[in-house]
Amino acid sequence: MGGIMATVGVVGLYSFGSPFESAVLQPGATRGISFGPSDAFRNTAVILTPHPMRVGLLGQATMRISDLESWSIQGALGPPSSGLSFTEWYVGAYVTNIGSTPIEAFTVTVAVITPGPDGH
């Protein structure tokens with residue numbers, strides 16, 4: 001097999017929790033997150049990976065990403081008669097604490113997979 005394969009690149013990092021927010025993600029709790037606008041989300045597959053930090057030393061900090069969505073927003077640049085427009089790309093998902101321990105902070109790594117020239 002020859003050709004250039006797909007490439008994977010990290011395009012962002014979403015952070016939640018201390019020292020910025022005082023909220024704790026309790027077991028079973030869910031929080032919506034979103035990223036964008038970014039041209040990196042155009043014609044790519046998106047991978048979101050959660051990295052939890054637990055409160056205290058006991059228990060298990062485990063998170064799940066669900067309901068990953070991508071969307072675009074189009075708008076006019078100038079008067080409609082100009083025919084000029086723009087498109088912005090976004091992704092979003094939910095993170096849920098599926099462990100037994102409160103999570104005081106977490107990050108989510110945002111990566112994209114870009115197909116190679118042969119489409120793979």
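The values are calculated or read from the model by the stated rules, or taken from the named source; none is laboratory data. The shown structure was predicted, so the numbers you read here are calculated from the model rather than taken from an experiment. Neighbour counts are summed over all protein chains in view; Cβ atoms, including those assigned to glycine, are modelled from backbone coordinates with ideal geometry. Just the protein is used for accessible areas: all its heavy atoms, side chains included, with ligands, DNA and RNA removed. Shrake-Rupley method; radii C 1.70, N 1.55, O 1.52, S 1.80 Å.
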In the range 97-118, which residues are in contact with a Pro (Cβ under 9 Å, 6 or more places away or on another chain), buried (at least 20 other Cβ atoms within 10 Å of the Cβ) and within 12 Å of Ile33 (Cβ to Cβ)?
-> Phe106, Val108
For the range 73-93, pairs from a residue that is under 21 Å from Phe41 (Cα atoms) and open to solvent by 80 Å² or more (accessible area, probe 1.4 Å) to a residue that is at pLDDT 90 or above and among the β-branched types (Val, Ile, Thr), with Cβ under 6 Å and 6 or more apart or across chains, are Gln74/Thr87
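For every residue, the table says whether it meets (1) of a type in the set (D, E, K, R); (2) over 27 Å from Ala29 (Cα atoms).
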{"position": "Ala61", "(1), (2)": "no, no"}
{"position": "Ser66", "(1), (2)": "no, no"}
{"position": "Ser81", "(1), (2)": "no, yes"}
{"position": "Ser85", "(1), (2)": "no, yes"}
{"position": "Val110", "(1), (2)": "no, no"}
{"position": "Pro115", "(1), (2)": "no, yes"}
{"position": "Asp118", "(1), (2)": "yes, yes"}
Identify, please: which residue in the range 25-54 is over 12 Å from Thr114 (Cα atoms) and of a type in the set (A, V, I, L, M) and is, among those, most open to solvent (accessible area, probe 1.4 Å)?
-> Met53
Which condition number does Asn43 fail, the rest of (1) in a loop (DSSP other than H, G, I, E, B); (2) on the phi < 0 side of the Ramachandran plot being met?
-> (2)
Of the conditions (1) at pLDDT below 85; (2) assigned to a strand (DSSP E or B), Pro50 fails just one. Which one is it?
-> (1)
